[in-house]
Structure formats: C-alpha cells, structure tokens
Amino acid sequence: MAAGQLFSRTTQALFYNYKQLPIQRMLDFDFLCGRETPSVAGIINPGSEGFQKLFFGQEEIAIPVHADIEAACAAHPTADVFINFASFRSAAASSMIALKQPTIRVIAIIAEGVPESDTKQLIAYARANNKVVIGPATVGGIQAGSFKIGDTAGTIDNIIQCKLYRPGSVGFVSKSGGMSNELYNTIARVTDGIYEGIAIGGDVFPGSTLSDHVLRFNNIPQVKMIVVLGELGGRDEYSLVEALKQGKVTKPVVAWVSGTCARLFKSEVQFGHAGAKSGSDTESAQAKNQALKDAGAVVPTSYEAFEAAIKETFDKLVGEGKIAPIKEFTPPPIPEDLNIAIKSGKVRSPTHIISTISDDRGEEPCYAGVPMSTIIENGYGVGDVISLLWFKRSLPRYCTQFIEICIMLCADHGPCVSGAHNSIVTARAGKDLVSCLVSGKYWPPVFLLLNICLSTAEVCLLTIGPRFGGAIDDAARYFKDAYDRNLTPYEFVESMKKKGIRVPGIGHRIKNRDNKDKRVELLQKFARTHFPSVKYMEYAVEVENYTLTKANNLVLNVDGAIGSLFLDLLAGSGMFTKQEVDEIVGIGYLNGLFVLARSIGLIGHTFDQKRLKQPLYRHPWEDVLYTK
C-alpha cells in the first residue's frame, strides 16, 4: 500500500445502494469546505436509473442514478472512490465487481458481518492490483477540508466543532468508527486538527491495516504527527511496532490500545467489534501498549492521559518550528431544510392544496372524519363510502342503498353507445384496461348525480399504472407463480433481485414493521374469518417476514394484500377452473378493483375543488428543478 494521500478536493465517488442521509452529509461537507464540485458523481441503485435530487448548499442538484456498477464507472471515469452501502449479504460481490473496474482506486465497505472468506479474497485482489480497501465494518474516512465518506464525523455541527472543514497537521487512524468521532474532537482541542482520518473497521480481517495508513501518513508532507487508536485482539498493532523498529516511520506517533480492562474479567471477553477479543497474552491491550512504547511510540499510561500526550507531542513540534500556525476562517452556514425549519417554528410555508373529504395523516385513513376501521366494522357499503367522500356526511341507509342500486344498474349500457363502442375498439387494438376505460369519453346522462365532471375523473385515471395503484395484478402474478412453483420466500425474493425487479406488493414509504398498514390488517382479518383458504395470503406474509430482515419498511402493502387475497378468492371459491384463474390474472382483472375504488375518490376530489371554488392552479416555480 504505502504511497501517500488518498483523497483531495477534486476526489469524486460512486455511491452504491442509495441512502439519502449519508449522501446529503457528504454534499453538505463539500459545501462547508468550499468545494466547486460535489464529491458524489453518481449513485448506483441496482435495477433503477434516472436522477436523484439532493442539495449542494443552497442549490438543488440532480445526481445520476445507474442500474449497475459497470455503467456508472463508464459514465463517470474520474470517480475513483467506491462507497459501498450494500448489506453484508451482497457487499463482497458488489465490492469485487467495483475492484475490477479500472477507474476505481479506493473502496469503502460499510457493512458489518461480511464473511471472512469473502473479505480475504477482496484483500488479496486489492493488494495484487494496487488498490485500497477501507473496511468492512467501517464508518469510512475523511480528508479534512476536501472529502469525506458517508457518515464519517457525524453531523455538520460536530464537523465544525472538530475543525474538519479545513486541514490540520495530524494523521489519525483507528479501528473504531465511533471512537474516531471522539478522537477527532479530542485532537481538535489540543492541536490544529486532523489532516486525514481513517477508521479501518473492527472486523478480524480489515481491508487495510493500521500500519498501512501510518506508513502512508509518513509520506504525506502536510502530516506532521500521527495518532493511532488500536484495540485488544489480533496482531495488527505489531506490524506497526515492526515498522517503528525498522525506522520506516520517522514522524512522532502517539498511540493507545483500548481494552486494558479485559484483565479484570476471569474469562475471555468479546467487546463490540468482531476482532476485539484477546486470544492470548500478546493480543492483550497491555502487551500491545508496551510493545509500541518500546518501539518508540508515545504511549500514555491510560486513555485518560491520551489527550495530554497528544497535546505534549504537538506543542513540542510547534516549539521546534515544524508546525506553522493555521489561519482560521468561518465556514459558510449550511442552509436548513424546510421541513426542519417548519418544525422548529423558524418559518411558515403556505400549503398548495385544500382537502376536506379525507385525511391519511393518522394511524389509519379517514373518510370525512370516519376511520377506516369504523367503516369496515360497522358494515358500511359502497354507497356509504360515496356519501362520505362526495357529500361529506353519512346519509340515511335508504339513500346509500339507492346509490348502490344506481351503480349496479348503470354498470353497463350495452355495446352500442359511443363510450362502450370506443372502449371496445381500443380493447381490440390490444390496449390495456386503463386506456380502454378512459377512451370511453361519453357517459350516458342516466342521472344528474353521476354525470357531473366524469370526464375530469377519466383523465385522472390515466395516472393509474405500475407506480400508482397498478401493482395488484403484478403482485398476484408473481405471488401465484412463486407459490405454484414451490419457491421458498428466499428463493422468490432473491430471484427477483437478480432480475432487477422489485417485488410487487412489498414495500411502503410510510408504513413499517412497527406501524403496519391498517387496511392490510383489516383485509387479512376478514379473509381469515370468511375465506375457506388463505394459502396465497399466508405465502405473501412469509415473503414479508423475509423482506423485513432486509429493511424495516419492506412490509406487505395493500396492493400485495389485495393481489394475494384475490387469488385465494378465485382458488377457494370452487367456481373457477385453473385455466380461468390464470386468464383472469393475466388479463388484468385485479387492477379493476383499484380503478373502481379510486374513481370514486377522484370524482369526490373534483366535487370538493368545485364546491370550494378553487381558482386555476399553477405549479410554483420554486417547486421545479430546472436542469439540462
């Protein structure tokens, strides 16, 4: 490894597996340091392409999103750092692909629990090809005033307090990411700050070692002293001892190995990291500290004395004229996000839409103030729902019954009226359900209640598709295929992942493991009570149990619940042959449920806006990202 500086003010990275917060923190750090270009050149999100909006100071920017590593590297040949936020299951495979790209020079692997055999292969390949691996199980690293990896150094407030927005004179390396933040603060208090800091990670086999980075620091002219924080377990620190004895390190080294308290325990103690356990006397913190001291490092008597030892070494270098004073400056303030400013009461922002008929902000949706569970438990019908959404009140039963009768009677008006005719022609052209529905522009004036503003609602129906309510059919198709082929949830989900296809019916932007969708629970409760069989639903629940091990929000959503339960309805009723079930699912019957239900709401919103006499809507300029 050796060589010198890893990062600079022009370093750019590719970020694997999109995470909004660490990327935004990187961009905020860039702005704080006065960088001209963002440090994140592109994002790799397997199976997805497009752009992701983020902030670079006051300016909103669009960062390209690529579906695979090869495409990202080809599109951004100057981005030579690969920041891998993949889970421990796929971190090794994606890292190896990145290492094999000629443009990638440094890889940071954030995940803990990467199999040791996989890590050894990555290390061997990286060393053979003169590349650098930081991690696994790392928070990353930072070049003060230039570049940082992900969540390194924490919040902007902490970065400013630690003076990381400009370079200092200290090179720092540790195993622990959490303790790195602590030492950045300590070093800033008693020196002119960090020049570069690296957390190599706490696994047994780190991609790069403490001595690797110390030897690098020794070759960087701006680094005047080196601080090392090791820990008990393993023999990494002894490679540093040998480097010191051989005179390979000529700059002052202040070091401490944590874990001296392990001797107070009668049996072997496993600390937080996988590699933090003492297997023999030579791996104890006391033995390592003594060896480092004997080799010439400055080693305090305790961690409490670590800060004083760093200060004494720094002050000596200043006295010898080896460190010149750094001119301080005030970094630019990072603009506060609007939602945070609103919550803190600093600003107020006008809303753009008024709604009086529904509210989805609570534990469960409400129609005109009536909770969804009340609607189901009290046996409300379609007419009752229409009365709530259209008339904003619960009408007497004879009124809602009349509405339901009207809907049944008006379900069809024969094939010859113009609306039906247009739909027939469109269907015969091979178009999908929604296109056929909206092509029928003419609706017969059966009664005044239903002929107002229907053309507006029809246009709204064009938005229904795979990304908005149209996942029911796909959920049913994929769940049915997986169940009928006896695939385990693991086999099903992983096969979908390899194809780059998201599992339809799984995932929610708001709901999660601890706050599941009330609608899904109500559907499942009804089905378990009334359906003769719920085999497809139970399979969907098993898939949900597996996907929840990957992310907290990968819950079974209402599309998945309806899709799987409709399969149970078809299969369990005994009224459909297998061929008929396959045909119904293939044609797209299930999305009809959503089209019908959401049409009522769309019409209700149309009435609501007209009742409120809202003026012509123009989208505000400041809510649009104008980009090339």
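The values are calculated or read from the model by the stated rules, or taken from the named source; none is laboratory data. Here the structure is a predicted model, which is why all the values come from computation and not from measurement. In this analysis, Cβ positions are derived from the backbone assuming ideal geometry, glycine residues included, and neighbour counts consider all displayed protein chains. Surface accessibility is based on the protein's heavy atoms, side chains included, excluding ligands, DNA and RNA. Shrake-Rupley method; radii C 1.70, N 1.55, O 1.52, S 1.80 Å.
Over 20 Å from Gly586 (Cβ atoms), in a loop (DSSP other than H, G, I, E, B) and either modelled with pLDDT under 90 or open to solvent by 20 Å² or more (accessible area, probe 1.4 Å) (or both) - does that describe any residue in the stretch 467-474? For the stretch 467-474, residues over 20 Å from Gly586 (Cβ atoms), in a loop (DSSP other than H, G, I, E, B) and either modelled with pLDDT under 90 or open to solvent by 20 Å² or more (accessible area, probe 1.4 Å) (or both): present.
Would you confirm whether or not the stretch 367-377 contains a residue that is in a helix (DSSP H, G or I), among the β-branched types (Val, Ile, Thr) and either in contact (Cβ under 8 Å) with a residue 40 or more places away in the chain or open to solvent by 50 Å² or more (accessible area, probe 1.4 Å) (or both)? Walk me through it before giving the result.
Of all residues in the stretch 367-377, those in a helix (DSSP H, G or I) come to 372-377.
Now drop any that are not among the β-branched types (Val, Ile, Thr), which leaves 374-376.
Now restrict to residues that are either in contact (Cβ under 8 Å) with a residue 40 or more places away in the chain or open to solvent by 50 Å² or more (accessible area, probe 1.4 Å) (or both): 376.
Within the stretch 367-377 (the criterion being in a helix (DSSP H, G or I), among the β-branched types (Val, Ile, Thr) and either in contact (Cβ under 8 Å) with a residue 40 or more places away in the chain or open to solvent by 50 Å² or more (accessible area, probe 1.4 Å) (or both)), the answer is yes, since at least one residue qualifies.
Just so you know, in the stretch 295-326 the residues that are aliphatic (A, V, I, L, M) and open to solvent by less than 50 Å² (accessible area, probe 1.4 Å) include one that is farthest from Glu182 (Cα to Cα), and it is Ala295. Looking across the stretch 592-604, the residues that are open to solvent by 30 Å² or more (accessible area, probe 1.4 Å) and under 33 Å from the mean Cα position of the chain (by Cα) come down to Leu593, Phe594, Ala597, Arg598, Leu602.
Based on what the data block shows, is Ala13 crowded, with 20+ Cβ neighbours inside 10 Å and either in contact with a strand residue (DSSP E or B) (Cβ under 9 Å, 6 or more places away or on another chain) or among the β-branched types (Val, Ile, Thr) (or both)?
Numbers: crowded, with 20+ Cβ neighbours inside 10 Å: yes; either in contact with a strand residue (DSSP E or B) (Cβ under 9 Å, 6 or more places away or on another chain) or among the β-branched types (Val, Ile, Thr) (or both): yes.
Here the answer is yes, as Ala13 does meet what is asked.
Taking the stated definitions as given, is Asn219 within 21 Å of Lys148 (Cα to Cα), surrounded by fewer than 21 Cβ atoms within 10 Å (Cβ to Cβ) and either touching a helix residue (DSSP H, G or I) at 6+ places or on another chain (Cβ under 9 Å) or at pLDDT below 95 (or both)? Spelling it out, it is not the case that Asn219 is within 21 Å of Lys148 (Cα to Cα), surrounded by fewer than 21 Cβ atoms within 10 Å (Cβ to Cβ) and either touching a helix residue (DSSP H, G or I) at 6+ places or on another chain (Cβ under 9 Å) or at pLDDT below 95 (or both). Residues in the stretch 392-402 that are over 11 Å from Tyr367 (Cα atoms) and open to solvent by less than 80 Å² (accessible area, probe 1.4 Å): Leu395, Pro396, Cys399, Thr400.
For residues that are open to solvent by less than 10 Å² (accessible area, probe 1.4 Å) and of a type outside the set (Gly, Ala, Ser), scanning just the stretch 81-101, find the one that is nearest to Glu494 (Cα to Cα).
Asn84
Could you tell me whether the stretch 87-96 includes any residue that is more than 14 Å from Tyr16 (Cα to Cα) and touching a strand residue (DSSP E or B) at 6+ places or on another chain (Cβ under 8 Å)? There is no residue in the stretch 87-96 that is more than 14 Å from Tyr16 (Cα to Cα) and touching a strand residue (DSSP E or B) at 6+ places or on another chain (Cβ under 8 Å).
Can you pull out every residue in the stretch 170-185 that is open to solvent by less than 10 Å² (accessible area, probe 1.4 Å) and hydroxyl-bearing (Ser, Thr, Tyr)? Before you say what the answer is, go through the steps one by one.
Let us first name the residues in the stretch 170-185 that are open to solvent by less than 10 Å² (accessible area, probe 1.4 Å), namely 170-174, 180, 183-184.
Selection gives Ser174, Ser180, Tyr184.
Please find, within the stretch 222-248, the residue that is farthest from the chain's Cα centre (by Cα) out of those that are open to solvent by 70 Å² or more (accessible area, probe 1.4 Å) and within 16 Å of Val170 (Cβ to Cβ). The qualifying residue farthest from the chain's Cα centre (by Cα) is Lys224.
Run down Ile160, Ile107, Ile149, Ile134 and say which single residue is in contact with a Leu (Cβ under 8 Å, 6 or more places away or on another chain) and open to solvent by less than 10 Å² (accessible area, probe 1.4 Å). Give the derivation first.
On the way: Ile160 fails: open to solvent by less than 10 Å² (accessible area, probe 1.4 Å); Ile149 fails: in contact with a Leu (Cβ under 8 Å, 6 or more places away or on another chain); Ile134 fails: in contact with a Leu (Cβ under 8 Å, 6 or more places away or on another chain).
Just a single option satisfies the conditions, and that option is Ile107.
Of all the numbered requirements in (1) open to solvent by less than 10 Å² (accessible area, probe 1.4 Å); (2) touching a strand residue (DSSP E or B) at 6+ places or on another chain (Cβ under 9 Å); (3) at positive phi, Gly259 misses one, and that requirement is (1). Residues considered: Gly141, Gly113, Gly154. Of these, the only one that is of a type in the set (Gly, Ala, Ser) and modelled with pLDDT of 95 or more is Gly141. The set of residues from the stretch 327-356 being within 17 Å of Lys163 (Cβ to Cβ) and open to solvent by 60 Å² or more (accessible area, probe 1.4 Å) comprises Lys327, Glu328, Phe329, Thr330, Pro333.
Considering the stretch 26-50, and only residues there that are part of a strand (DSSP E or B) and in contact (Cβ under 8 Å) with a residue 24 or more places away in the chain, the residue that is surrounded by the most Cβ atoms within 10 Å (Cβ to Cβ) turns out to be Ile44. When Cys73 is tested against (1) surrounded by 20 or more Cβ atoms within 10 Å (Cβ to Cβ); (2) over 25 Å from Gly197 (Cβ atoms); (3) in contact with a Lys or Arg (Cβ under 9 Å, 6 or more places away or on another chain), exactly one condition is not met: (3).
Residue by residue, here is whether (1) buried (at least 20 other Cβ atoms within 10 Å of the Cβ); (2) at pLDDT below 95; (3) more than 23 Å from Ala597 (Cβ to Cβ); (4) acidic (Asp, Glu) holds:
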| site | (1), (2), (3), (4) |
| --- | --- |
| Lys511 | no, yes, no, no |
| Leu522 | no, yes, no, no |
| Pro532 | no, yes, yes, no |
| Glu544 | yes, no, no, yes |
| Thr549 | no, yes, yes, no |
| Phe566 | yes, yes, no, no |
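Just one residue in the set Ala571, Ala540, Ala561 is free of Cβ contacts under 8 Å to residues at least 60 places away in the same chain, part of a helix (DSSP H, G or I), under 33 Å from the mean Cα position of the chain (by Cα) and over 30 Å from Leu54 (Cα atoms); that residue is Ala561. Do we find that Val417 is out of contact with any strand residue (DSSP E or B) (no Cβ under 7 Å at 6 or more places or on another chain), open to solvent by 70 Å² or more (accessible area, probe 1.4 Å) and at pLDDT below 80 in this structure? Considered against the rule, which asks whether it is out of contact with any strand residue (DSSP E or B) (no Cβ under 7 Å at 6 or more places or on another chain), open to solvent by 70 Å² or more (accessible area, probe 1.4 Å) and at pLDDT below 80, Val417 comes out as no. Does Ser146 satisfy the condition of being of a type in the set (S, T, N, Q) and closer than 21 Å to Trp256 by Cα? Here the answer is no, as Ser146 does not meet what is asked.
Quick grid of which residues meet (1) open to solvent by less than 20 Å² (accessible area, probe 1.4 Å); (2) in a helix (DSSP H, G or I):
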| position | (1), (2) |
| --- | --- |
| Asn486 | no, no |
| Phe492 | yes, yes |
| Met496 | yes, yes |
| Leu554 | no, no |
| Met575 | no, no |
| Glu580 | no, yes |
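Anything in the stretch 159-185 that is over 17 Å from Asp212 (Cβ atoms) and among the aromatic types (Phe, Trp, Tyr)? List them, or say none. Of everything in the stretch 159-185, those that are over 17 Å from Asp212 (Cβ atoms) and among the aromatic types (Phe, Trp, Tyr) turn out to be Tyr165, Tyr184. Going through (1) of a type outside the set (Phe, Trp, Tyr); (2) outside any loop (DSSP other than H, G, I, E, B); (3) touching a strand residue (DSSP E or B) at 6+ places or on another chain (Cβ under 7 Å) one by one, Ser117 falls short only on (3).
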